[in-house]
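A short worksheet on the structure shown next.
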Amino acid sequence: MAMNLTRKILSAHLAAPARMIPGEEIQLKVDQTLTHDINAVMTYLAVEALGIERTGVETSVSYLDHNLLYLDYKTPDDHIYLQSVARRLGVHVVRPGNGIMHAVHVARFGAPGKISFGGDSHTPHGGAIGMLCIGVGGMDVATAMTGLPMRLKMPQIIRVNLIGKLRPGVGAKEIILDMLRRNGVKGGLGKVFEYVGPGAASLEVGQRVTITNMGAEMGATSSIFPADEQVRKFFKAQDRLDDYVELLPDEGCDYDGEMEIDLSALEPLIACPHQPDNVKTIREVEKRPVQQVFIGSCTNASYSDIAKAALVFQGRHVHEDVSCTCGISSKQIYKALMKDGYIDMLLDAGVRLLELACGPCCGIGQSPATNGVAVRTSNRNFKGRAGNPTADIYLVGPESAAATAVMGTFASAQDVMGEDVARLEGICDPPHYPIDDASIVKPLPVEQARQVEIIRGPNIAPLPVPEAPQDHLTAKISLKAGDNVTTDDITPASAEFSSMRSNIPLMSQFCYLRYDPDFSKRARALGQSIIIGGENYGQGSSREHAAINPMYLGVKIVVAKSIARIHKGNLINHGIVPMVFDDPADYDRLDMLDELEITDYIEQMRNRQVIIRDVTKNFEFKANLELSDSELEICVCGGQLRFLKKRLKEMKGER
């Protein structure tokens, strides 16, 4: 039977026979896991709590790449813990200074046909090399590291046929912004976008990563390209040809849907505040004065991205009213750019070079000014995402970002370069990258690993574990949230807040700080409570703290019109039961501090529909539990940690 690329990879990793029907749960064997420093402490605390001696997958990697601004002792303490626990568990450590996790993972660990689970929503970055990469919460990474099969709802596979050729000054960012313009921020829910066609074949890996990385903004399970000649060239440039295998969709294979994009018809695009699907052409957007430009992030900091931006800057200078910074995605890309003279072009233009880290993308440094306008090549422009909720964030490609920095307002490369823009067409990824893995710490042999002392600083608090639900629940509504609430709204991003994430008692005090400053105090006072949400509740980052903090504050249930995939999984894992309104109109009938009651709760949960009584207003409404059998059992157990301990105990008993 002819199969598309995604189904090929999934079928090769099935842990049990399955029909692979979209929406039905399948169980997968995972090859690789990856974590980053500001989310990983919770992951490894969970692994420790499970009593696992060593990672149970082929390759696990711990990246120290997000919060490298050591404001106080908290983050360096976290890094020491993460390095010591990795040595104990047989996990690779990529030390600070080597680059952003997704760029490094594709270059040094990823391989076609593998499946990875990563504790970051932009894990699908790796789909650029024909690998199926899925972003999940930290507890799911911990589960994968036990070696147990992982649950996944079989996605729809959507064929995205790319035809034509990109024009100079138009890049991969335009392709993914066009996808967002068409599909919206929740249009990818339950889907994998598989990019094929002659236009796809023309894109290098450095371009493909932008598309697969930012597919997360559509809510997609993942995005993927074939492992073709472009991928072979990339592996050759990495001195890793032995890890390359050709992996293509079969001729005549089926898909669950199809789209087509003519690359030659695209023009420079810009995502306007405060959602990445609010996309317009640069020529039609109102020309506002810009105070800040950031070029980089995991989304747009490949060799060709930075080289093209440098050519736009060549012979020009950053506008006097603009602060322009650049964050290159890895040390090897930095060195290649330096050898070829592009770093000099950036410095000569007045661009400031940042550390090789995530940084500004997740609000760690380079916060915009009060009511400021910032233009970025990163992936998200949610309110407050960049560290300042009063700022307006716009998203563009690197060529347009450089042009904007020169002009002081939104501009394309052609606006600055004129006919010279044709020079950008000749830029491509290098035939060979500098290879230096000295900053990658390899796992110790098992016997040596057992002798490693795990070092915990005073900021690392125990992982909170929720209680199992009771058969009768009475709780008030602690928050009524609107549509598209993000995990940044729930757990704010910044260097300061990121350093608190290993200490839930401390971090929980700032839960919903920018969205509803009184939430934490109110939830604590209520003891236990329920959150009501609108559409696409919990979109954005994979950070499971957006589930752990409310759980710690006593939240038992989230009832929303719809819930984003990764956040829904995090709620389940940490003992908050996710529900959706049977009738979305019931949302309007509920108000903050209404008292809600559920009787025969466990039995109703098993029926996957719960009748909730609003005691305050004396009416009833229905909420549905859109859960698989295993997800339901996790909810009944009181979260993934209790469920896993029970399962591992049963398995030991069987032996």
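Pairs of Lys residues in segment 473-651 are counted when their Cα atoms are under 13 angstrom apart and they lie 8 or more places apart or on different chains; the count is 4. Can you list the residues of segment 400-434 with backbone N under 17 Å from a point 7 Å past the Cα of Glu286, pointing along Cα to Cβ? So the set is 409-411. Electrostatic bookkeeping for Gly110 treats Lys and Arg as +1 and Asp and Glu as -1; over the other residues with beta carbon under 13 Å from its beta carbon, the sum is +1. Here the relative contact order of the chain, from alpha carbon pairs under 8 Å that lie six or more residues apart, stands at 15 percent. By the count of other C-beta atoms within 10 Å, a proxy for reagent exposure, Thr474, Thr55 are ordered fewest to most as Thr474, Thr55.
For percent of Cα pairs over 47 Å apart, the value calculated from this model appears in (1) 18; (2) 11; (3) 55 under label (2). When only Cα pairs below 8 angstrom with a gap of at least 6 residues are kept, segment 473-651 shows a relative contact order of 22 percent. When each of Leu241, Leu596, Leu266, Leu132 is scored by the number of other beta-carbon atoms lying within 10 Å, the sequence from fewest to most is Leu241, Leu266, Leu596, Leu132.
Oblate is the label for segment 406-457. Its Cα gyration tensor axes, ordered a ≥ b ≥ c, give a/c of at least 1.5 and b/c at or above a/b.
Segment 1-38 and segment 244-304 have Cα centres lying 26 Å from one another.
FRET efficiency for the pair Cys428 and Glu320, taken as 1/(1 + (r/R0)^6) with r the Cβ-Cβ distance and R0 = 30 Å, rounds to 0.35. Applied to segment 605-615, the Karplus parametrisation 6.51 cos²θ - 1.76 cosθ + 1.60 on θ = phi - 60° returns per-residue 3J(HN,Hα) values of 4, 5, 7, 6, 8, 10, 8, 10, 9, 7, 5 Hz, with x for Gly and Pro.
Note on segment 473-651: antiparallel DSSP beta bridges, both residues inside, total approximately 50 percent of the bridges counted. By the count of neighbouring beta-carbon atoms within 10 Å, fewest first, Ile440, Ile455, Ile26 end up ordered Ile455, Ile440, Ile26. When the Cα gyration tensor is reduced to axis lengths a ≥ b ≥ c, the ratio a/c is 1.5 or higher for segment 473-651, and with a/b not above b/c it is classed as oblate.
The label-point distance for Ala525 and Gln509, in a model that sets each label 7 Å from Cα toward Cβ, rounds to 1.8 nm. Restricting attention to segment 5-265, close to 20% of DSSP beta bridges with both partner residues there are antiparallel. Sites count as exposed loop sites when they are chymotrypsin sites (Phe, Trp or Tyr not before Pro), lie in a DSSP loop, and have at most 16 other Cβ atoms within 10 angstrom; the longest stretch of the chain without one is 74-655. Of the beta bridges in segment 269-426, as assigned by DSSP with both residues counted there, near 25 percent are antiparallel. The distance from the alpha carbon centre of segment 311-384 to that of segment 145-185 is 25 Å, rounded to a whole number. Under 5 Å from the amide H of Leu68 lie the amide H atoms of Gly359, each residue being 5 or more positions distant or on a separate chain, with H modelled from the backbone and absent for Pro and chain starts. Protection proxy ranking, highest mean first, for peptides 170-182, 566-578: 566-578, 170-182, where packing is the per-residue count of other beta-carbon atoms within 10 Å, averaged. Hey, how many Å between the Cα centroid of segment 211-225 and the Cα centroid of segment 74-123? Value for the Cα centre distance between the two parts: 20 Å.
With the charge dipole of the chain set up from +1 on Lys and Arg Cβ and -1 on Asp and Glu Cβ about the Cα centre, the Cα lying farthest toward the positive end among the listed residues Val558, Gly534, Gln207 is that of Val558.
The simple spin-label model puts a point 7 Å past each Cα toward its Cβ; for Asp262 and Arg606 those points are separated by 5.8 nm.
The mean sequence separation of alpha-carbon pairs under 8 Å and at least six residues apart, normalised by the residue count of segment 5-265, gives a relative contact order of 23 percent.
If we count every other residue with Cβ under 13 angstrom of Val446's Cβ, Lys/Arg +1 and Asp/Glu -1, where does the sum land? Once positives and negatives cancel, what remains is +2.
Extension gain, Thr474 to Val446: 0.36 nm times the residue separation minus the Cα-Cα distance gives 5.1 nm. The lysines whose alpha-carbon is closer than 29 Å to the alpha-carbon of Lys236, local same-chain residues fewer than 8 away aside, are Lys8, Lys29, Lys114, Lys165, Lys173, Lys308, Lys331, Lys335, Lys339, Lys442.
Readers should treat all values here as calculations from the given coordinates under stated rules, not as data from a laboratory. These figures come from a predicted structure and were not determined experimentally. A quick note on method: Cβ atoms are made from the backbone with ideal geometry, for glycine too, and the neighbour counts reach across all protein chains shown.
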